[in-house]
Amino acid sequence: MVLNGGHSGKDIDKNRGNPIIALGNILAELNTDKDLFLNFIDGGSWVTAIPRKAECIITTNPLDIESLSVYLQELENHLQTQYNNPNISIKLSQVPTTNIGFDSEITSNIIKYISKFPNGPILTRKGSNESILSTNLGTIFFDKDILLLENSIRSNLSPELTQQFISRLQKVESQSNLNAIETFNFPRIFSKKRFRIYKIPCSEI
């Protein structure tokens with residue numbers, strides 16, 4: 001899946017879309033019976049950049065490929081209109097099966113977290129469209145047998161209000177049974193960034 005991409009600061013309020021979250025929504029649609037296994041997922045290039053691409057490999061019960069292709073084409077057309085970009089694309093292909101990946105429960109938790117992630121402008125300055133609190137799910141990738149997710153928070157608000165948002169994100173984490181094991185600050189002029197990394201062990205299906 002390829003969307004617009006951009007900078008998580010100056011472009012966050014420009015309706016660029018996030019392919020990681022869009023991919024999560026597609027997987028949630030396919031995982032209604034909890035019989036989907038996530039073998040591989042990758043997206044984004046840097047935590048402060050709005051992702052441009054995301055891709056995954058899944059194992060599931062036999063799908064109606066023709067119906068799925070129609071659904072994805074309709075979604076592609078919708079995204080092109082929603083984000084005003086005729087170059088947005090969604091590709092579907094069949095690949096050889098693999099027995100390495102996440103079991104169905106962890107797959108469901110990952111999908112739930114991605115699809116529920118609060119992304120983009122959260123608060124805007126009164127009387128304008130200027131974002132004063134925003135977040136960006138910047139990357140998702142494998143490092144050997146570990147899946148990493150990174151997000152950044154950009155805020156011109158007080159630490160107390162920023163903490164309110166962090167608490168909101170932690171609620172999503174709790175609902176998805178995912179726990180942060182590392183958080184660190186990345187100082188930058190006029191903004192605060194917090195990168196949150198999740199490590200989820202891979203297992204044989």
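The values are calculated or read from the model by the stated rules, or taken from the named source; none is laboratory data. Since the structure is predicted, the reported quantities are computational estimates derived from the model, not experimental observations. Don't worry about glycine lacking a Cβ; one is built from the backbone with ideal geometry, like all the others, and counts go over all protein chains shown. Heavy atoms of the whole protein, side chains included, go into the accessibility calculation; ligands, DNA and RNA do not. Shrake-Rupley method; radii C 1.70, N 1.55, O 1.52, S 1.80 Å.
Straight-line reach only, C-alpha to C-alpha below 12 angstrom: list the aspartates and glutamates that Lys116 could link to, leaving out same-chain residues fewer than 8 apart.
Those aspartates and glutamates meeting the cut-off are Glu173.
Modelled label-to-label distance, Asp145 and Glu76, 7 Å Cα→beta-carbon offset: nm?
Label at Asp145, label at Glu76, 3.7 nm between them.
Leaving out ligands, DNA and RNA, what percent of the accessible area of segment 41-180 is carbon and sulfur, probe 1.4 Å?
For segment 41-180, the apolar C and S fraction of the accessible surface comes to 48 percent.
If the chain between Thr124 and Lys34 were fully stretched, how many nm would it gain, using 0.36 nm times the residue separation less the Cα-Cα distance?
28.7 nm
How far, in nm, would the chain grow between Gln175 and Glu105 when pulled straight, counting 0.36 nm per residue and subtracting the alpha carbon separation?
23.9 nm is the gain from fully extending Gln175 to Glu105.
With each label point set 7 Å from Cα along the Cα-Cβ vector, what nm distance links Ser69 and Asn84?
Roughly 3.3 nm, to one decimal.
Translational D (Stokes-Einstein, µm²/s) of segment 1-142 at 20 °C and 1.002 mPa s when Rh comes from the Kirkwood sum over C-alpha pairs?
Taking Rh from Cα pairs, D becomes 134 µm²/s.
With r defined as the distance between the Cβ atoms of Thr97 and Arg168 and R0 fixed at 41 Å, what FRET efficiency is calculated, to the nearest 0.05?
It comes to 0.60.
Need the list of aspartates and glutamates near Lys14 for cross-linking: C-alpha distance under 16 angstrom, and skip anything on the same chain fewer than eight residues off.
Candidates past the 8-residue exclusion: Glu130.
When the solvent-accessible surface of protein heavy atoms is calculated with a 1.4 angstrom probe, in what order do Tyr83, Tyr71 fall, highest first?
Tyr71, Tyr83
Quick one: grab the alpha carbon gyration tensor of segment 91-170, order the square roots of its eigenvalues as a ≥ b ≥ c, and give me rounded if a/c is under 1.5, else prolate or oblate depending on whether a/b is larger than b/c.
It is prolate, given that a/c is not under 1.5 and a/b is the larger ratio.
Would you mind working out the accessible area per residue for segment 82-155, using a 1.4 Å probe, and quoting it in Å²?
Per residue, segment 82-155 has an accessible area of 52 Å².
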